[in-house]
């Protein structure tokens, strides 16, 4: 994904290569990340049992169904900017200081006020 920064078409195509690669289909793999392309005779999967390819039509179909949502044009366009979530994490931290997770504040009337205080502090 990082190799296709600012290229929404590439970001949409990259996940489509993952499942076939794990099942031994390496025709769409990029030479920059696929070890099979650089040394086919000695290649073994690092994260799979005994370094062997996955097998099974049902597993292949299930994994394809999971990843197809990440290959849509809308998702690819959104992720092609490769921005990070640091701003979101910062807001979560500030709101968390107003409403600690160790206590339940969801049932009190001032819950919205606590969240608004955290947002206001972040905006300042």
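Each reported figure results from applying straightforward, stated rules to the coordinates on display, with no laboratory input. Owing to the predicted nature of the structure, the values given are computational and were not obtained by experimental measurement. Because the Cβ atoms are built from the backbone with ideal geometry, glycine has one as well, and the counts that use them run over all protein chains shown.
Determine the gain in length on full extension of the stretch residue 86-residue 49; use 0.36 nm per residue of separation and subtract their C-alpha separation, reporting nm with one decimal.
Additional length available on full extension: 9.8 nm.
Given axes a ≥ b ≥ c from the Cα gyration tensor, I'd like to know whether the range 27-71 is rounded (a/c under 1.5), prolate (a/b larger than b/c) or oblate.
Since a/c reaches 1.5 but b/c is at least a/b, the shape of the range 27-71 is classed as oblate.
How far apart, in nanometres, would the label points at residue 62 and residue 116 be if each is projected 7 angstrom from Cα along the Cα-to-Cβ direction?
Going from the residue 62 label point to the residue 116 one covers 4.8 nm.
So, R0 is 25 Å and r is the distance between the beta-carbons of residue 93 and residue 69; what FRET efficiency does that work out to, to 0.05?
Rounded to the nearest 0.05, the efficiency is 0.25.
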